[in-house]
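The values are calculated or read from the model by the stated rules, or taken from the named source; none is laboratory data. Because the structure is a prediction, the values reported are computed rather than measured. Cβ placement follows ideal geometry from the backbone for every residue including glycine, while neighbour counts extend to all protein chains displayed. Only protein heavy atoms, including side chains, enter the accessible area calculation; ligands, DNA and RNA are left aside. Shrake-Rupley method; radii C 1.70, N 1.55, O 1.52, S 1.80 Å.
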Amino acid sequence: WVLLGVLVLWADAPLAEPGGGFSRLLVYGWRLAWYISFTVVLLYIGNQDERDMPSGRIGKLLGFMFVVTAVGGLIGSFFPSIQLTSPMEMLLPRGLAENAFVRDIVHPKVADVESILGFEQSRPMAPFAYANSWGAAYAFLLPYFLLTWVVRAGTRRRLIAFAILAASLWPVVYSLNRGL
């Protein structure tokens, strides 16, 4: 389906912003590269022997990524103006670096500030490129966090997990994240 998606790149969806030109091809190529990369990584992991790549280790890494996501959400909620100029952004030609899609990828920031309910509020996104990606990652990684930091953990780690989980609820509720 991803490959067939190239056939509709220049179709304008109803009530969406028309146009796009070359940038649509750029976005398509970027996402196609990610799909191919994910496929290769998942095939690699799926074909590993349990001794070489224990499923518990994978779960712990995904649980730790939840912690990174939660911390990014807190930083984005309380310090939404933090932005960085990445080395890649400095190296890109000005015209390419100013493309909205490319800028989202190479210009790290911790939150989008949007007016959803009629007033400005931050929508956390660190360490991801978009706020909805942050929410989707939070939802995807939460079961691994619960399994490795609560169910299969000692008392000390479990207490830390409950503190992380409680703190992470602030950006979840405050951001009104559609991806979550």
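The set of residues in segment 73-89 being open to solvent by 40 Å² or more (accessible area, probe 1.4 Å), outside any loop (DSSP other than H, G, I, E, B) and touching a Lys or Arg at 6+ places or on another chain (Cβ under 9 Å) consists of Gln83 alone. Pairs meeting the criteria (first residue in segment 131-148 and over 15 Å from Val71 (Cβ atoms), second residue in a helix (DSSP H, G or I) and open to solvent by 50 Å² or more (accessible area, probe 1.4 Å), beta carbons under 7 Å, at least 6 apart or on different chains) are Thr148/Lys60. Pull up segment 26-53, narrow it to residues that are closer than 18 Å to Trp1 by Cβ and touching a helix residue (DSSP H, G or I) at 6+ places or on another chain (Cβ under 8 Å), then point me to the one that is modelled with the lowest pLDDT. Across segment 26-53, the extreme among qualifying residues is Val27.
Restricting attention to segment 45-71, which residues are hydroxyl-bearing (Ser, Thr, Tyr) and either more than 24 Å from Pro124 (Cβ to Cβ) or open to solvent by 50 Å² or more (accessible area, probe 1.4 Å) (or both)? Correct list: Ser55 only. I need a count of the residues in segment 90-118 that are in a loop (DSSP other than H, G, I, E, B), open to solvent by 80 Å² or more (accessible area, probe 1.4 Å) and under 28 Å from Leu176 (Cβ atoms). Total meeting the criteria: 1. One residue stands out in segment 119-129 among those that are touching a strand residue (DSSP E or B) at 6+ places or on another chain (Cβ under 8 Å) and surrounded by 13 or more Cβ atoms within 10 Å (Cβ to Cβ): the one that is farthest from Leu180 (Cα to Cα), namely Gln121.
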